[in-house]
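Engineer: This is the structure I want to talk about, given as structure tokens.
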Amino acid sequence: MILADESLILADECLILVNESLILAEESLILVNESLILAEESLILVNESLILADESLILVNESLILVNESLNSVNESFNSTPLPSFPAPHSPLLAQRAERGKFDMVFLADGFAI
């Protein structure tokens, strides 16, 4: 009878351990489920970030197109502006010396020299 009682006690302890294992397994499944939910939310946020990055790149591209058009307009304006005519040397004496090679440069106007 004592052996049977000890067997029942051990069987009861095994059932308690099995029950605790089932509780732990259920808690683990709950944690896995929560992790999957968080992973799904993270993927949604990553997708939204990629959409925003794509929209940003589109705006950058449009801005670069506008900058290019502006530069083309400036270039066309520059090319259509006639070059200024340079005035004659400030004095006939400078012109004579320049013709004889006495000067390396003759200043025609502010910042211009030949």
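The values are calculated or read from the model by the stated rules, or taken from the named source; none is laboratory data. None of these values were measured; they are calculated from a predicted model. When we count neighbours, we look across all protein chains shown, and the Cβ atoms used for this are built from the backbone with ideal geometry, even at glycine. Side chains are part of the model used for accessible areas, which takes the heavy atoms of the whole protein and leaves out ligands, DNA and RNA. Shrake-Rupley method; radii C 1.70, N 1.55, O 1.52, S 1.80 Å.
Engineer: Considering only protein heavy atoms and a 1.4 Å probe, what is the carbon-and-sulfur percentage of the accessible area of the stretch 1-83?
Structural biologist: On the stretch 1-83, the fraction of accessible area on carbon and sulfur atoms equals 69 percent.
Engineer: Extending each Cα 7 Å along its Cβ direction at ASN79 and ILE51, get the distance between those two points in nm, one decimal.
Structural biologist: In this crude label model, ASN79 to ILE51 measures out at 4.4 nm.
Engineer: With every protein chain kept in place and ligands, DNA and RNA left out, what is the accessible area per residue of the stretch 1-84? Probe 1.4 Å, answer in Å². Before the final figure, lay out the partial values.
Structural biologist: Working: 7740 Å² over 84 residues.
Averaged over the residues of the stretch 1-84, the accessible area is 92 Å².
Engineer: Work out from phi, with θ = phi - 60° and the Karplus expression 6.51 cos²θ - 1.76 cosθ + 1.60, the ³J(HN,Hα) of each residue of the stretch 24-37, listed in order in whole Hz, and give x for Gly and Pro.
Structural biologist: Result, rounded to whole Hz: 5, 5, 5, 4, 5, 5, 5, 5, 4, 4, 4, 5, 5, 5.
Engineer: Using a simple spin-label model with points 7 Å from Cα along the Cα→Cβ vector, what separation in nm is obtained for LEU59 and ILE37?
Structural biologist: Result for the modelled spin labels: 3.4 nm.
Engineer: If we count every other residue with Cβ under 14 angstrom of SER35's Cβ, Lys/Arg +1 and Asp/Glu -1, where does the sum land?
Structural biologist: On the way: positive: none; negative: GLU27, GLU34, GLU40, GLU41.
Spelling it out: positives minus negatives among the neighbours equals -4.
Engineer: Enumerate the calculated ³J(HN,Hα) couplings along the stretch 53-61 in order (Karplus 6.51 cos²θ - 1.76 cosθ + 1.60, θ = phi - 60°), each rounded to whole Hz, writing x wherever the residue is Gly or Pro.
Structural biologist: 5, 5, 4, 5, 5, 5, 5, 4, 4
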